[in-house]
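The values are calculated or read from the model by the stated rules, or taken from the named source; none is laboratory data. In this text, all values refer to a predicted model and were calculated from it rather than measured experimentally. Glycine gets a Cβ as well: all are built from the backbone with ideal geometry, and neighbour counts include every protein chain shown. Surface areas here come from the heavy atoms of the whole protein model, side chains and all, with no ligands, DNA or RNA. Shrake-Rupley method; radii C 1.70, N 1.55, O 1.52, S 1.80 Å.
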Amino acid sequence: MSAQPNPLGGLTKRLIEDGLITAESAEKHETLAKTARRSLITHLVREKVVAADLLARAAAEVFGTALIDLDAINPEAIPEGLVNERLIRNHHALPLYKRGNRLFVALSDPTNRDALADIQFQTGIATEEILVREDQLAAYIERLLGPAEEEALTDYGEAVDLDLETIDTEAEEEEDARAPTDDTPVVRFINQMLLNAIRLGSSDLHFEPFEKAYKVRFRTDGILHEVASPPVMLSPRIAARLKVMSQMDISERRVPQDGRIKLKVSKSKSIDFRVNTLPVLFGEKVVLRILDASSAQMGIDALGYDDDQKALYLEALNKPQGMFLVTGPTGSGKTVSLYTGLNILNTPELNISTAEDPVEINLEGINQCPVNAKVGLDFSAALRSFLRQDPDIVMVGEIRDIETAEIAIKAAQTGHMVMSTLHTNSAPETITRLRNMGVPAFNLATSINLIVAQRLARRLCSCKEKITVPANALLEKGFTQKELDVGLEIYGPKGCDKCNGGYKGRVGVYEVVKITPEISKVIMEDGNSLEIARICQEQGFRTIYQSALRKVKQGLTSLNEVDRVTSGH
């Protein structure tokens, strides 16, 4: 395309003629755009002076180039790694596809010849521009690369003053002495990753070194997604920076280490990260678990219990003694369920003590004891000590052995409420697991009040769409003919720019079993998990799978997600 004289002046003139902007406003915004070091087109759209579609059409006519709908481009066709992230962000230009010996680059400003020249210089491939709308281009770049650091801070409300409170100054100075001084890119990259993970609602961050690549993955809604791939040569610097922030020994790379990071995202809100390092073949893998204290303050209504299950939960919680057990695999939300109950019980009249490995979230007014096996303070030792501290309610992070189980049951039988977790798949299997540990059936039948087995299913985004499922398939899944007759609507994921593949957030799915006299009788007779499950069904307690089908019926999740979290039964 041949250069045109004073092209932006021509575009400005066109906008004034079309009545989209006044001459005075145009002059003012041209100055502001230069001050902000961005193109006039980008400035006008971001400041909402001119609508993106009207501005793009005007630019296409002024510059005589075709306007392409970026949303119609197949994301899989975009060449990954061909152009580095710095060039894409600095020039606000995105390589879309390669055809023959030419690379087609999306621009919202047709006068941005520097972008084409710099990308051509880096890739060695001739470049050609494609004109697109500014808002579509910005959204596409953010979707592919994640928001820039300043955007991530702005997106998180008041998070404009980043304050990493737990940096050890001496350790940081030692690291600075060991390494090249310009650590700013690494610092900015890690800060951006932490804030992006919070913004996305992720639960874990994985920083993973491999032989020829370095990967950063977030676990969002229970699923791992790769979000960044910085240069592999930065692997030791990234690990060292995270260890400094976590107050670990940066000189020790041979053994795993544990630490914490406290990230202040606003004047009134901070989020903790539990950090663990692990020596692997090509460096140190670092995993961060996000510990958001607000998750423990959600309240029972936000957890997803059905009304009858909620009533059973609260009834058991308010009993003066007995055991309240929450079971499920790692990552199923057991901690949040327990913390929710503890918050309900947390009043000045009650003495509450917890033994946790580790203490994930600080709860004001509750005595939280971190277990430390190295010094002999395990769950059983902590629980034994609790009983000499005049407790009303004790929470044991997990029942792992017969000693802990026996002390917990003794506490439950002597006037204390005991809350704990186990790693089992269902409520009936919890009884079997405790029996296999060696706990007498009589003690189980007389001390356990309630067992909650749970999973977390991904919640459908508001963009969900109705899908057609054959009636026989729905019947096989467990729906009844009566439900089909009244008009059962099944939804599936669609996907939009606000969700992850059609899902956004998670919803709890529960099996809540109250130990009734009938169930106690089966336990006393040493019935196996199948016999206990049968009597639970007769008593009207829904399995996790049956509860999950209810979530499908309510339009909260999909059939595929039910199969994923419940193994299809």
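Dipole check for segment 269-346: with +1 at the C-beta of Lys and Arg, -1 at the C-beta of Asp and Glu, and the Cα centre as origin, the magnitude is about 340 Debye. Note on segment 367-511: Cα-Cα pairs beyond 26 Å make up 50% of the total pair count. If only the Cβ of Lys and Arg carry +1 and only the Cβ of Asp and Glu carry -1, the dipole of the chain around its Cα centre is close to 940 debye.
Of the solvent-accessible surface of segment 196-310, computed with a 1.4 Å probe and all protein chains present, 51% belongs to carbon and sulfur.
Loop-located trypsin sites (Lys or Arg not before Pro) in segment 457-521 (DSSP state not H, G, I, E or B) with no more than 13 neighbouring Cβ atoms inside 10 Å: 498.
Once backbone amide H atoms are built at 1.01 Å from N, residue 265 has 270, 271 as its partners under 5 Å, excluding neighbours fewer than 5 places away on the same chain. Listed cross-link partners 466/551; 498/551; 212/262 are compared with a 24 Å cut-off, the Cα-Cα value being larger for 212/262. Think of the chain as having a plus end and a minus end, set by charges on the Cβ of Lys, Arg, Asp and Glu; of 328, 338, 138, 328 sits farthest toward the positive end of this dipole.
Summarise the accessible area of segment 410-472 (1.4 Å probe, protein heavy atoms) by the percent that is carbon and sulfur. Here carbon and sulfur together make up 48 percent of the probe-accessible area. Computed from phi, the 3J(HN,Hα) profile of segment 323-329 under the Karplus parametrisation 6.51, -1.76, 1.60 (θ = phi - 60°) reads 10, 10, 10, 10, 10, x, x Hz, with x in place of Gly and Pro.
Here the spin labels are modelled as points 7 Å beyond Cα on the Cα-Cβ line, and at residue 307 and residue 280 they lie 4.9 nm apart.
Computed over protein heavy atoms with a 1.4 Å probe, the accessible surface of segment 413-569 works out to 47 Å² per residue.
Overall shape: prolate for segment 16-149, with the ratio a/c of the largest to smallest alpha carbon gyration tensor axis at 1.5 or above and a/b above b/c. Largest first and in whole Å, the equivalent-ellipsoid semi-axes of the chain read 53, 31, 21, each the square root of five times a Cα gyration tensor eigenvalue. For the pair residue 16 and residue 560, label points projected 7 Å from Cα toward Cβ lie 5.4 nm apart.
The loop-placed GluC sites (Glu not before Pro) in segment 1-101, going by DSSP, that have at most 15 neighbouring Cβ atoms within 10 Å of their Cβ come out as 47, 80. Ordering 145, 475 by accessible surface, largest first, gives 475, 145; the 1.4 Å probe counts only protein heavy atoms, with every chain in place. A straight chain from residue 47 to residue 410 at 0.36 nm per residue would run longer than the Cα-Cα distance by 124.1 nm. Were the residues from residue 538 through residue 187 laid out at 0.36 nm apart, the gain over their Cα-Cα distance would be 120.5 nm. Taking the charge dipole of the chain about its Cα centre, with +1 at Lys and Arg Cβ atoms and -1 at Asp and Glu Cβ atoms, the residue from 391, 535, 233 reaching farthest to the positive side is 535.
Positive end of the dipole of segment 445-555 (Cβ unit charges, origin at the Cα centre): among 490, 503, 516, the Cα lying farthest that way belongs to 503.
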